[in-house]
1. Restricting to the range 21-64, what's the tally of residues that are touching a Leu at 6+ places or on another chain (Cβ under 9 Å) and either touching a residue at least 12 places away in the same chain (Cβ under 8 Å) or part of a loop (DSSP other than H, G, I, E, B) (or both)?
2. Among the listed residues S125, S157, identify the single one that is buried (at least 20 other Cβ atoms within 10 Å of the Cβ), modelled with pLDDT under 95 and farther than 30 Å from A31 by Cα.
3. Pick from the range 135-154 the residues that are touching a strand residue (DSSP E or B) at 6+ places or on another chain (Cβ under 8 Å) and outside any strand (DSSP E or B): which of them is surrounded by the fewest Cβ atoms within 10 Å (Cβ to Cβ)?
4. Take the residues in the range 307-336 that are at pLDDT below 95 and aliphatic (A, V, I, L, M), then tell me which one is farthest from Y68 (Cα to Cα).
5. Considering each of L403, L486, L508 in turn, give the residue that is over 30 Å from L307 (Cβ atoms), at pLDDT below 95 and surrounded by fewer than 12 Cβ atoms within 10 Å (Cβ to Cβ).
6. Could you tell me whether any residue of the range 49-56 is touching a helix residue (DSSP H, G or I) at 6+ places or on another chain (Cβ under 6 Å) and either surrounded by fewer than 16 Cβ atoms within 10 Å (Cβ to Cβ) or of a type in the set (D, E, K, R) (or both)?
7. If D353 passes every condition in (1) in a loop (DSSP other than H, G, I, E, B); (2) closer than 22 Å to V265 by Cα; (3) touching a residue at least 40 places away in the same chain (Cβ under 8 Å) but one, which one does it miss?
8. Looking at L224, L267, which one is buried (at least 24 other Cβ atoms within 10 Å of the Cβ), at pLDDT 95 or above, over 19 Å from V332 (Cβ atoms) and within 18 Å of the chain's Cα centre (by Cα)?
Amino acid sequence: MPSALLSPGVYIEEVASGVRTITGVATSITAFVGRTSQGIVSEPALITSFGDFERLFGGVQFDYPLSYAVQDFYLNGGSQAIIVRLESGAVAASAQLPTGGANNEALRLLARSPGTWANSLTVTSDNATGTPSDTSLFNLTIVQAGGATEKFLNVSSSASSARFVARVLDSGSLLATLPKDASGNWVAPAARPTAGSAAFSGGVDSANLADSDYVGSAALKTGLHALEKASLFNLLCIPPDERGGDTSSPVYQAAMAYCATRRAVLLVDPPVAWGLIKETAAAAASDATTGVASLGLTGEAARNAALFFPRVIKSDAQLNGQLDVFAPCGVVAGIIARTDSTRGVWKAPAGLDAALNGVQGLQVNLTDGDNGVLNPLGINCLRAFPVTGRVVWGARTMRGADLMADEYKYLPVRRLALFIEESLYQGMQWAVFEPNDEPLWSQLRLNIGAFMQGLFRQGAFQGSTPAAAYFVKCDSETTTQNDINLGVVNVLVGFAPLKPAEFVVLRLQQMAGQIAA
């Protein structure tokens, strides 16, 4: 009500509806963790196309399996990816331009990221600026052989200038920056460089990564924990560090535990030995059957992991089109993203529509019998069929073995639950510190109910009516007086998930002819 009603008339007042829309979060942002040829280290970078990956991380490179996985992701329908570049012992290239100032000072430039990629950079300085009388101004041109060219005009050697060269490069260059001292201050000479050129040198590529490089430190946010700097990711891929190699079980175990805390799903690649040339596909299936336990991906967190077998065969442009074997995680992540966008997170990313794009073959051509051995163990098969080609033919988590009878045996059911959890987690932040009584409870029921009803209308749940598909409960039964005294409000949300039709049974009966009476 208005604060004072003194003059007769009509008073208008806006009343809050109490509706706070809960928006569904993204479902297929895929994080890739490992070595690349270039790019910022231990900082998650969000990209939306393979062109972004080429520009920031160097594109497909022969010795970097992660680059092939990212390419596969976009070939198969992926949209958003987060790249975390790891390194071990890499060194950034540098170059120096003399200034002619006191003590033979030089302007030292440092490559934006470590690696031999920057040994192809050249920097040129000239003094043909827009204000010749200002002796602090100069122009810089940085050229990558066969690549990008960056020009920075009218930059200044004066730290007090808005065009201070260190700030300009830091905000505008993808190729080079100025070094910093131990206190985090830029190291720059007081005088501008003399006209001339210099080549970058001294760049060293990363050595192969150890398990500790992948696992990293939660406190320092390194390794896998660099993803703490990303607000959301849904899928995690850790391709092998070397061509023809494997990602180790300890790395996968640490990654699976981390995914469980971030409401994400780990996509596990099979060891290459499972699919090496065998006398029969059954022998490869046998290796997978006996080897899956050695991965150590068990326990409740295994609900957040899915294994796909076998590896894929692709044409490699780095080998003049020759065929080679690659880990399938990038392909599968792209198919999941494609399925999410066309059908929804509740649809199993498998079946005849889940085609493997950019794939020329499979390491092993499994039969129905092989598939029948592996599927009950929670191993998702990649299959090749005569007409439809190569497809994903399994949608179970690593808790999907029949003997476990886990409620999250199916990947789409688990991912739908994670989607609901994350969406409600982000959409209910406003409720923190609100008065804990019926007005708050009714608002929570209203807002969460509207979100769940939206999913029901899209066909995300079982049931022909909302009451059969989901429920939202938040009242004095879920939140007792003791809970209120402790500052706790309890919301109970239930849903009836759709489960994939893994087995379609057709019953055919012969009709007896009509017998005359």
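1. Number satisfying all stated conditions: 27.
2. On inspection, the qualifying residue turns out to be S157.
3. First, the residues of the range 135-154 that are touching a strand residue (DSSP E or B) at 6+ places or on another chain (Cβ under 8 Å): 136-145, 149-154.
Filter again for outside any strand (DSSP E or B), leaving 136, 145.
Numbers: S136: 19, A145: 9.
In this case the residue turns out to be A145.
4. Only one residue tops the list, namely L319.
5. On the way: L403 fails: over 30 Å from L307 (Cβ atoms); L486 fails: at pLDDT below 95.
When all the criteria are applied, what remains is L508.
6. In the first step, residues of the range 49-56 are kept if they are touching a helix residue (DSSP H, G or I) at 6+ places or on another chain (Cβ under 6 Å); the result is 50, 53.
Narrowing further to those that are either surrounded by fewer than 16 Cβ atoms within 10 Å (Cβ to Cβ) or of a type in the set (D, E, K, R) (or both): none.
Within the range 49-56 (the criterion being touching a helix residue (DSSP H, G or I) at 6+ places or on another chain (Cβ under 6 Å) and either surrounded by fewer than 16 Cβ atoms within 10 Å (Cβ to Cβ) or of a type in the set (D, E, K, R) (or both)), the answer is no, since none of the residues qualifies.
7. So D353 meets the others, but not (3).
8. Working: L267 fails: over 19 Å from V332 (Cβ atoms).
Sole residue among the options that is buried (at least 24 other Cβ atoms within 10 Å of the Cβ), at pLDDT 95 or above, over 19 Å from V332 (Cβ atoms) and within 18 Å of the chain's Cα centre (by Cα): L224.
The values are calculated or read from the model by the stated rules, or taken from the named source; none is laboratory data. Just so you know, these numbers come straight off a predicted model, no measurement behind them. All Cβ positions, even for glycine, are placed from backbone atoms using ideal geometry, and neighbour counts span all protein chains on display.
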